[in-house]
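Each remark here refers to the structure printed beneath this line.
The values are calculated or read from the model by the stated rules, or taken from the named source; none is laboratory data. In this text, all values refer to a predicted model and were calculated from it rather than measured experimentally. Glycine also receives a Cβ, built like all others from the backbone with ideal geometry; neighbour counts cover every protein chain displayed.
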Amino acid sequence: MLKKTAQIFSLAVLFPLSSSFATDSGKVGDKAPFPEGFWEREYGTASPFAATYNVSIEVKSLDRAAAQIQNLALKEGGSSDNNNNNFYGGNYGGQRPGKPMRSISFQVSAGKGERLAKRVLDFGTIQQFNGHPMNQGTPTEDLRDRIKQLISEMESHKSALETMPIAKTLLTTKLNRYKQSQEAYEKNLGKALISVTLTAADDPK
């Protein structure tokens, strides 16, 4: 029983990668043109944005500045990522320990990113500003191709997979993970993330 289970498991792991596999008609399939480790790659769901901007400003009122930034994002069609997270600064970046701070982030179309990030500077005194463009093209294209190939492979061997529940589960899990990664990547395509840190001035009002 143990030996049989081990054989099934081996087939489950190698099924989409095997150099040959008997089809439903009994014919041996062609050698799969995939390099070693090709199907082991994982993408996760933490997808990159087209660009990211980090802005730090000192303000007289955390509440007023936060409201101004949120209104700016709303007017430009932005969506909130996580707003109004309060915390206290540590002894870094020129900030004294315990200084009230707040983090705000929002997403906008990539074409508006740099302009809106610079607009945030109007609401306080600049402490830090930087922007980073990101490469979004290859992961989404690669994921679409992998999903297409997996679906085709599973459809071609549908009957055989019904007799190998372990193989079917492994392939279905891999397919679902790729779909989740694709959804996450496509969600952020063409978008920029603007992350803002507000620091209360010495005499906040």
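Being modelled with pLDDT under 60 and surrounded by 15 or more Cβ atoms within 10 Å (Cβ to Cβ), is that true of even one residue in segment 94-103?
Taking every residue of segment 94-103 in turn, at least one turns out to be modelled with pLDDT under 60 and surrounded by 15 or more Cβ atoms within 10 Å (Cβ to Cβ).
Among the residues of segment 102-153, write down those that are of a type in the set (A, V, I, L, M, F, W, C) and free of Cβ contacts under 8 Å to residues at least 40 places away in the same chain.
Of everything in segment 102-153, those that are of a type in the set (A, V, I, L, M, F, W, C) and free of Cβ contacts under 8 Å to residues at least 40 places away in the same chain turn out to be ILE147, ILE151.
Looking only at residues that are buried (at least 16 other Cβ atoms within 10 Å of the Cβ) and not polar (S, T, N, Q) in segment 27-54, which one is modelled with the highest pLDDT?
TYR53
When you go through (1) over 24 Å from GLY77 (Cβ atoms); (2) part of a helix (DSSP H, G or I); (3) touching a strand residue (DSSP E or B) at 6+ places or on another chain (Cβ under 7 Å) one by one for ILE126, which number turns out not to apply?
Every condition holds for ILE126 apart from (2).
Restricting the search to segment 55-93, which residues are hydroxyl-bearing (Ser, Thr, Tyr) and at pLDDT below 85?
Answer for segment 55-93, where residues must be hydroxyl-bearing (Ser, Thr, Tyr) and at pLDDT below 85: SER79, SER80, TYR88, TYR92.
Would you say GLN107 is modelled with pLDDT of 90 or more, touching a helix residue (DSSP H, G or I) at 6+ places or on another chain (Cβ under 7 Å) and not in a loop (DSSP other than H, G, I, E, B)?
No, not satisfied.
Out of all the residues in segment 37-64, which are on the phi > 0 side of the Ramachandran plot and without any contact (Cβ under 8 Å) to a residue 24 or more places away in the chain?
GLY37
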